[in-house]
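Written below as structure tokens is the structure these notes are about.
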Amino acid sequence: MWRVPKDWRLEWRQWGSFHIVFNPASGDTHLLNVISAFVLRSLENEARSVEELKALVSRLPERPGDPADIDDLVSELDELGLVAAAPP
């Protein structure tokens with residue numbers, strides 16, 4: 001299970017298909033594509049498993065071609081300090 005920690009208040013801006021997110025907890029700003037932003041926003045609302053995220057993303061018209069991409073995406077969001085493991 002993954003989530004954006006509840007005490008983090010991510011700040012969002014959008015320009016076309018690009019999303020900018022600022023994490024006040026780290027002071028870092030990140031440029032995200034539509035899928036990355038969708039996954040991160042989903043994890044702001046509640047903790048989800050990678051399988052749940054794959055199911056949500058599979059319903060999007062601009063979904064990635066390979067579900068394994070979501071595994072990689074969650075790992076990248078973790079490395080960037082935007083999400084953290086949540087207890088099941």
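Less than 5 angstrom separates the built amide H of TRP2 from those of ARG48, SER49, ALA86, all sequence-distant by 5 or more or on a different chain. Rounded to the nearest 0.05, what FRET efficiency do ALA85 and ILE35 give with R0 = 22 Å and r taken as the Cβ-Cβ distance? Could you check? Efficiency, rounded to the nearest 0.05: 0.60.
For GLU76, project a label point 7 Å along Cα to C-beta. Then give me every residue of region 4-36 with its amide nitrogen under 11 Å of that point. Of the residues in region 4-36, 31-36 have backbone N under 11 Å from the label point off GLU76. Annotation: extensible slack from GLU46 through MET1 equals 15.2 nm (criterion: 0.36 nm per residue apart, minus Cα-Cα distance). Note on region 2-85: Rg/Rh from C-alpha atoms, Kirkwood Rh, equals 0.93.
The Cα-based radius of gyration of region 22-62, divided by its Kirkwood radius, gives an Rg/Rh of 1.02.
Values quoted throughout were computed directly from the atomic coordinates according to the rules given, and no laboratory measurement underlies them. Being a predicted model, the structure only gives us computed values, none of them experimental. Note: ideal-geometry Cβ built from the backbone for every residue, glycine included; neighbour counts use all protein chains shown.
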